[in-house]
Structures are given as C-alpha cells and as structure tokens.
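The values are calculated or read from the model by the stated rules, or taken from the named source; none is laboratory data. Here the structure is a predicted model, which means the values were calculated and not measured. Cβ sites come from the backbone with ideal geometry, for glycine too, and all protein chains shown count toward neighbours. Heads up: the accessible areas ignore ligands, DNA and RNA and are worked out on the full protein's heavy atoms, side chains in. Shrake-Rupley method; radii C 1.70, N 1.55, O 1.52, S 1.80 Å.
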Amino acid sequence: MQLENFGLMGKTYATLNFFSNSRYDRVERNRHSALLLRNVLVVLFSILILYMGIRLSQVFRFEVPEILLLVIIFFIGLAYFILRKGYFYAAAVLAIGITFAGMTFIAMTSMGIRDAAVLTYFLLIIFSSLLLGRMAAIVMTLLSIISVWLMVMLENNGLLAYDPWRIEFVARDMSFVLLATLVLVVYYDNILNRYIRDISKSRADYRKINAELTERNKEIMVINSELREAMEKSLESDRLKTAFLANLSHEIRTPMNGIIGFSELVLSPESTDEEKREYNRIIANSCRQLLGVVNDIVDISKIESGVIELHHRHMDLNDILRELFSLHSLAAREQKIDLEMIPGFEEGYAGIIADDVKLKQILNNLIGNAIKFTNKGSVKFGYVSKGKMIEFYVIDSGIGIPQAQQHDIFERFIQADSGLSRRRGGAGLGLSIARAYVEKMGGKIWVQSEKGKGSEFYFTVPLVQEVTRKADPVEQRMDTTEERIPLLLVEDTESNEILMKGMLRNYPYDIVVARSGEEAIELFQKYGPFGLIMMDIKLPGLDGYEATREIRRLDKKVPVIAQTAYAFQEDREKAMEAGCNDLLSKPISRVALEEILRKFKR
C-alpha cells in the first residue's frame with residue numbers, strides 16, 4: 001500500500017521523492033514544496049538584505065563579494081516572482097542554482113573553503129532534497145564536493161591567493177549562516193508540527209470514518225441477510241405456488257372426472273337402479289368437493305386483496321354447533337369415527353354477537369380437516385368461556401402433526417403430509433383462511449399436536465356481548481293440510497328451473513315461473529299475492545335487487561328468498577337491503593332449501 005493513502009503523512013513523504021508513481025503524488029508534492037519554497041525565499045531574501053546592510057555598514061565598498069551578493073538577492077526576488085506565476089520547478093532551480101553559484105564565487109573571491117559561504121552548501125543540499133527530491137540533493141552534493149576540491153586545488157597551485165580576513169568578519173559571516181540555519185530549522189519545525197497536527201486530525205477523522213463505515217457495513221450485511229431471506233422466501237413461495245397449482249388442478253379434475261364419468265353411467269340403460277343410486281351419491285359428493293375448492297379459492301382471494309369485512313349479528317353458539325354436527329356427521333360415519341359436539345353454555349344462554357358466517361367457516365375447516373386426517377377414533381369440537389374471550393376447540397385422534405411443521409401449516413398451500421402423492425385431498429388453504437379470519441375477528445389460533453397421537457386446534461374470539469337467555473323459539477311445523485301455496489320462481493336459466501321444480505316436487509307449492517325481473521313484477525301484479533318468492537339475482541334487464549324493491553312497494557309481507565351464485569357476505573347484505581328475507585347460495589343444497597321452506601312456511 002502506498003504511503004499517500006495515510007493522509008498528510010504520505011503527502012509529506014511524497015515531497016522527499018523527485019520521482020513519483022502518480023500524477024496525484026506530483027501535484028501534491030509540488031503544492032507543498034511551493035509553499036515551503038515561497039516561505040524560504042522570503043526568509044532568505046530578508047536575511048540576505050540584512051546581511052548586505054551589515055557588510056556595507058562595516059566596510060563601505062562594492063567589491064566582487066558585495067556585487068555577487070546583490071546578484072543573489074536579485075535572483076532570489078526573481079525566483080519568488082516566477083514562483084507566484086506558478087512555475088515551481090523553474091523558481092526552485094533558479095533559487096538553488098543562483099545561490100550555489102553566488103556563494104561559490106563569494107568563497108573563491110574571499111577566503112576559499114574557509115569562507116562562511118561554503119557552509120551554505122549544507123543548507124542547499126537540504127533544500128534541494130525537500131524541494132526537488134533526493135536526486136536533486138545528490139546532484140547538489142556532488143557539485144558542492146567538486147566546488148570545495150576545486151577551490152583547494154586552485155589554492156594549492158597558487159592560482160588563487162586570499163588575503164587573511166579579520167577574525168570578526170569571519171565570526172560575522174559564521175553568525176549569519178548559523179542564524180539563517182536556526183531560522184530555517186525553526187520554520188521547518190513549525191511546518192512539521194503543523195503536519196503532525198494535521199496527521200493526528202486526519203487519523204481521528206479516519207477512525208471516525210472507519211467507525212461509520214464499519215457500522216454501515218454491518219447495516220449492509222443485515223440488509224444482505226434480509227434480501228437473502230426474502231429471496232429464499234420468494235423461491236419457497238414460488239415452489240409452493242407451483243405445487244399448489246398442480247394440486248389445485250388435481251383437486252378440480254378429480255371431482256370433475258367423477259361428475260362427468262358417473263353422469264354418463266347414470267344415463268346408461270345398462271346401469272341398475274341400485275348402481276344409479278350409488279352413482280348419484282358419488283356425483284353429489286364430487287360436487288360438494290368441487291364447491292369446497294372453489295369456495296377456498298374465493299376466500300383466499302379476498303384475504304390476499306385485503307377486503308375481509310366483519311358483519312356482526314346475534315347468533316346462538318349451540319345452534320352453530322348443531323348445524324356443523326349435522327353437516328359433518330355423514331362424513332364421520334363414512335370414516336367410521338365418532339363425532340362429538342360439546343357446548344359450553346346451556347340451551348337458551350348461548351347467544352352472542354359475532355360474525356356467524358366466518359365463525360362457521362373457521363369451525364367447518366377445522367372439523368373437516370380433523371375428519372379428513374383421522375383414520376380411527378373420534379373428533380370432538382366445542383367451546384368454553386374464558387373471561388372476555390370464547391375459546392373454541394377441535395380435537396381429533398388422527399395422524400398428528402410433527403413439531404417442525406406446526407407453524408408452517410397455517411401458511412398458504414401447506415398440509416401436514418404435503419406432496420403430490422398425498423392421499424388426503426384438499427388445496428392446503430383451509431388453515432390459512434381460518435387464521436386470517438380469526439385474526440381479523442381479534443383472536444388467535446394455535447395447535448397442540450404430536451405425530452401419530454392426534455391434534456388439538458384452538459382459537460379464540462372476543463365475547464362482544466355477555467351471553468343472555470334468548471326467548472324460547474316458536475316451533476314452526478309444516479302444515480299437514482294439502483292446501484296448495486302459490487310460489488313465484490324467478491329464474492332465467494332452464495336447468496336451474498328444472499332443478500328447483502324437482503327439489504320442490506314433494507312440497508304443496510303451485511309454481512309460477514318468470515324469466516326476468518320485469519316479468520316477475522308483471523306476474524306478481526296479475527296472480528298475486530304469492531306465499532313465497534324465489535328470486536334469482538342475476539337476471540336479464542331488471543336484476544333481482546330492483547325487482548325485489550318493486551315487489552316490496554306492492555307487498556311488504558311476502559317472503560322473498562334471494563338465489564345467487566355470488567358467495568360474498570356483502571352480497572347477502574345487499575340482498576337484505578333490497579328487501580329479501582333470506583338468501584340461498586348456489587349450488588343450493590336440499591338441506592338448506594328445506595330449512596328455508598320450514599322457516600317461511602305460513
């Protein structure tokens with residue numbers, strides 16, 4: 001490493017070298033040397049003027065030494081003028097050269113090597129080294145040695161003869177040389193001290209900068225570590241998404257294959273009635289499986305876009321548990337496992353304020369997973385009150401979850417036994433959706449599990465309102481009479497019309513069909529009042545919302561049930577605002593339809 005990298009110390013050292021390796025070194029050396037030369041010329045010019053005055057005051061005569069001294073003073077001034085013009089090398093060479101020549105002639109014409117002028121050779125050698133580098137010092141040393149020996153030879157051969165000077169003149173000249181040496185030494189000492197202070201300051205600045213760079217380097221290392229972690233997460237996310245898409249394709253194609261294949265077998269004349277019933281059961285299960293995949297995709301899309309909204313309403317926790325028990329009891333029987341529901345409150349005291357749709361979806365995902373991953377044993381679910389929170393739980397005796405995977409299973413596209421060869425099915429979104437909904441509701445979700453020993457899932461939601469006893473419900477029973485009830489079915493799709501008529505076949509309804517919102521209003525005015533209206537939302541022309549508003553202007557009491565393929569909570573709210581009494585989401589299940597008919601049976 002070159003010394004110029006060490007601040008002013010390196011710059012000072014650079015002035016001691018006549019040759020340098022870089023243009024920057026030469027510029028820095030010339031700048032410092034020019035400053036030194038300028039001050040030396042000022043001091044030397046002053047000393048020579050003073051010395052000249054003393055000589056003339058003692059012996060007023062203009063002989064060769066005095067003339068040469070005046071010449072030296074003139075050229076010293078000229079060198080200073082040249083230096084101010086920016087010609088450093090010319091000024092340095094002129095100053096050193098004229099001083100050397102002048103002092104040499106003074107010595108030859110005065111006392112030879114005994115003259116004090118010879119002592120200036122020492123100063124000239126030093127200044128040559130400082131100003132122009134060591135090569136200049138070597139040249140000046142050789143010239144000084146040649147000059148000294150030349151004067152000795154001339155004197156020994158009688159070519160030069162000197163008059164002995166008075167001893168006080170010798171003392172005078174020696175004193176001025178010593179004085180000039182002292183002045184220049186003191187001046188150079190000040191320069192060195194200033195350089196040392198600058199070097200110390202540079203070192204302090206260097207340590208400060210080094211500390212800042214060290215700290216910055218640590219920050220960069222942290223940033224690099226975060227970037228590497230982000231890149232690894234991105235790669236892992238890409239890998240999971242690729243696996244998810246492959247699995248999603250499998251999850252969609254598998255039930256579709258069952259639906260299409262068994263539908264063709266049902267239509268085959270070779271199939272027996274018993275086989276057709278089995279085929280129809282498989283088709284229904286495949287449709288529910290496909291609907292579950294679609295619902296998960298819709299939910300995760302809402303979570304990704306950050307549009308989750310809570311819709312709090314009064315609900316009964318025990319009713320929710322019973323509904324979920326009925327929903328999963330068939331799957332539990334098929335798995336040959338016990339399904340147990342454990343309410344935390346007594347009947348009539350389980351009313352709270354919460355988002356019942358999301359709460360049911362969370363429990364539905366957890367119970368569905370528990371049944372899916374349990375080969376034998378039981379699945380238990382329920383809730384307990386804990387202060388201002390309600391803690392729900394789903395406990396199974398299934399395959400369990402390894403400790404290392406218990407955190408990851410709440411991430412998207414993850415299952416406990418992941419891989420394309422897994423046999424359990426599912427898109428790996430249920431727990432991610434559950435966590436997002438729980439956190440949105442102000443609670444938390446966690447799992448306790450051991451591989452091969454089952455799993456226990458818990459989550460909490462705030463108890464928004466203290467549980468209070470609800471009024472005893474008035475039991476609504478289906479009339480046993482054969483009185484026919486007029487029903488207005490507003491449906492623009494023929495296949496949906498046929499489906500609804502088939503599902504209503506065993507009920508005492510006389511069905512009138514409207515294909516559009518305008519026709520529905522017209523039929524209502526012509527054949528009304530109706531006992532029930534099944535209103536499709538997406539209709540040509542006037543949609544179901546506007547048609548319901550128009551009917552409400554004519555009749556405030558008739559029950560209107562919205563039918564829609566829109567699955568979002570805000571669609572339900574919009575239907576209620578338009579005047580609907582309830583909503584059925586497509587595909588409509590027979591169980592949901594029966595519940596609606598029982599609810600609004602007059």
Log entry, pairs with first residue in the range 139-159 being farther than 13 Å from G97 by Cα, second being assigned to a loop (DSSP other than H, G, I, E, B) and small (G, A, S), beta carbons closer than 9 Å, six or more apart or on different chains, reads E155/A161
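Sort out which residues of the range 317-341 are part of a strand (DSSP E or B) and closer than 25 Å to F410 by Cα, and write them in order of number. Steps first, please.
Step one: list which residues in the range 317-341 are part of a strand (DSSP E or B), which gives 338-341.
Passing the criteria: L339, E340, M341.
Residues are listed down the side, and each one gets a yes or a no for (1) closer than 26 Å to K601 by Cβ; (2) under 56 Å from the mean Cα position of the chain (by Cα); (3) open to solvent by less than 70 Å² (accessible area, probe 1.4 Å); (4) touching a residue at least 24 places away in the same chain (Cβ under 8 Å):
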position: K526; (1), (2), (3), (4): yes, no, no, no
position: M535; (1), (2), (3), (4): yes, yes, yes, yes
position: L542; (1), (2), (3), (4): no, yes, yes, yes
position: T548; (1), (2), (3), (4): yes, yes, yes, yes
position: R552; (1), (2), (3), (4): yes, yes, yes, yes
position: Q563; (1), (2), (3), (4): yes, yes, yes, yes
Which residues, taken from the range 351-373, are part of a loop (DSSP other than H, G, I, E, B) and either among the acidic types (D, E) or crowded, with 23+ Cβ neighbours inside 10 Å (or both)? D355
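Could you tell me whether any residue of the range 534-553 is assigned to a helix (DSSP H, G or I), in contact with a Cys (Cβ under 7 Å, 6 or more places away or on another chain) and among the hydroxyl-bearing types (S, T, Y)? Before you say what the answer is, go through the steps one by one.
If we filter the range 534-553 for residues that are assigned to a helix (DSSP H, G or I), which is where we start, we get 544-553.
Still in the running and in contact with a Cys (Cβ under 7 Å, 6 or more places away or on another chain): 548.
From what is left, the residues that are among the hydroxyl-bearing types (S, T, Y) are 548.
Checking the range 534-553: at least one residue is assigned to a helix (DSSP H, G or I), in contact with a Cys (Cβ under 7 Å, 6 or more places away or on another chain) and among the hydroxyl-bearing types (S, T, Y).
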Residues (surrounded by fewer than 22 Cβ atoms within 10 Å (Cβ to Cβ), part of a loop (DSSP other than H, G, I, E, B), modelled with pLDDT of 85 or more and in contact with a Ser or Thr (Cβ under 7 Å, 6 or more places away or on another chain)) located in the range 377-409: G377, S397, G400
Given the conditions (1) in contact with a strand residue (DSSP E or B) (Cβ under 8 Å, 6 or more places away or on another chain); (2) within 25 Å of R484 (Cα to Cα), every one holds for D555 apart from (1)
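Would you pick out the residues in the range 512-526 that are in a helix (DSSP H, G or I) and of a type in the set (A, V, I, L, M)? So that I can check it myself, show each step before the final result.
As a first pass, look at the range 512-526 and keep what is in a helix (DSSP H, G or I): 517-526.
A520, I521, L523 - these are the residues of the range 512-526 that are in a helix (DSSP H, G or I) and of a type in the set (A, V, I, L, M).
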Can you tell me how many residues within the range 500-518 are in contact (Cβ under 8 Å) with a residue 12 or more places away in the chain and open to solvent by 50 Å² or more (accessible area, probe 1.4 Å)? 5
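Give me the residue from the range 214-270 that is among the hydroxyl-bearing types (S, T, Y) and modelled with pLDDT of 80 or more and, out of that set, nearest to N280 (Cα to Cα). Before you say what the answer is, go through the steps one by one.
Step one: filter the range 214-270 for residues among the hydroxyl-bearing types (S, T, Y), giving 214, 225, 234, 237, 242, 249, 254, 263, 268.
Keeping just the survivors that are modelled with pLDDT of 80 or more gives 214, 225, 234, 263, 268.
Working: T214: 72, S225: 56, S234: 44, S263: 8, S268: 13 Å.
Per the stated criteria, the residue is S263.
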